[in-house]
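Right, I'll just put the structure down here and ask away after.
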């Protein structure tokens, strides 16, 4: 385990070292000390390494991640795992707004709660939230899965495309063109797999599924007030 003191060497120093690692590197486990809510910690990683942030992280922690595992032993600010491509980002605490925004792949795990717009414009990422999510979560979500073990705020899935939303608790209300859908055996299999990977114990059968009604794919004057 390589210890990196962020207070002494700074975020730029950390990211420069991590981004420069070669595919055959033996420096595969990193512990980031004294993060103190700094922004853009461990962004743009491209190698299968593990980075543990020993405290709270600010904006965009783990953004643009590829292959790496980033663990935040605390809370994360806005845009954690933003534009993530692959790998795993795990937040042991809560996450602020826009968690997993525009994510193309990989797995984002938030063990606590996530604020508003969790999974906004997600494009293939899988997000598992152990607690609840705020309003406008999965807004314009295109692909991937959002699993919420708690409750969801207002306008869930507004203007959603083909992403799948699973909520175990209460949904305050659904956004435009988002409806409740049948939970089929293949959905239960997906849920079981995601919950196991997230190391969250919950019965897949206790979730409800939501997705697109597909009424806004093409302009229709009868639905003009919904655009």
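The values are calculated or read from the model by the stated rules, or taken from the named source; none is laboratory data. Fair warning: this is a prediction, and the values are worked out from it, not measured in the lab. Backbone-built Cβ (ideal geometry, glycine too); neighbour counts: all protein chains shown.
Taking segment 171-184 on its own, how many of its residues are assigned to a loop (DSSP other than H, G, I, E, B) and under 11 Å from residue 212 (Cβ atoms)?
Residues in segment 171-184 being assigned to a loop (DSSP other than H, G, I, E, B) and under 11 Å from residue 212 (Cβ atoms): 3 in total.
Among the listed residues 147, 128, which satisfies the condition of being under 22 Å from residue 59 (Cβ atoms), touching a helix residue (DSSP H, G or I) at 6+ places or on another chain (Cβ under 7 Å) and either in contact (Cβ under 8 Å) with a residue 60 or more places away in the chain or not in a strand (DSSP E or B) (or both)?
The conditions single out 128.
Quick check on segment 198-219: of everything there that is in contact with a helix residue (DSSP H, G or I) (Cβ under 8 Å, 6 or more places away or on another chain) and not in a helix (DSSP H, G or I), which residue is modelled with the lowest pLDDT?
216
So that you can scan it fast, the table gives a plain yes or no per residue for (1) at pLDDT 95 or above; (2) surrounded by 21 or more Cβ atoms within 10 Å (Cβ to Cβ); (3) within 26 Å of residue 86 (Cα to Cα); (4) within 16 Å of the chain's Cα centre (by Cα):
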{"position": "150", "(1), (2), (3), (4)": "yes, no, yes, yes"}
{"position": "165", "(1), (2), (3), (4)": "yes, yes, yes, yes"}
{"position": "174", "(1), (2), (3), (4)": "yes, no, no, no"}
{"position": "179", "(1), (2), (3), (4)": "yes, no, no, no"}
{"position": "221", "(1), (2), (3), (4)": "no, no, no, no"}
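Any idea which residue in segment 7-61 is surrounded by the most Cβ atoms within 10 Å (Cβ to Cβ), counting only those that are more than 21 Å from residue 84 (Cβ to Cβ) and touching a helix residue (DSSP H, G or I) at 6+ places or on another chain (Cβ under 8 Å)?
Taking the candidates together, the pick is 33.
Conditions (1) within 13 Å of the chain's Cα centre (by Cα); (2) part of a loop (DSSP other than H, G, I, E, B), marked per residue:
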| position | (1), (2) |
| --- | --- |
| 16 | no, no |
| 51 | no, no |
| 55 | no, yes |
| 66 | no, yes |
| 70 | yes, no |
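Among what's in segment 106-125 and is without any contact (Cβ under 8 Å) to a residue 60 or more places away in the chain and within 14 Å of residue 86 (Cα to Cα), pick the residue that is surrounded by the fewest Cβ atoms within 10 Å (Cβ to Cβ).
By that ranking, first place goes to 124.
For (1) under 21 Å from residue 110 (Cβ atoms); (2) part of a strand (DSSP E or B); (3) out of contact with any strand residue (DSSP E or B) (no Cβ under 8 Å at 6 or more places or on another chain), each residue gets a yes or a no:
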residue: 169; (1), (2), (3): yes, no, no
residue: 186; (1), (2), (3): no, no, yes
residue: 192; (1), (2), (3): yes, no, yes
residue: 196; (1), (2), (3): yes, no, yes
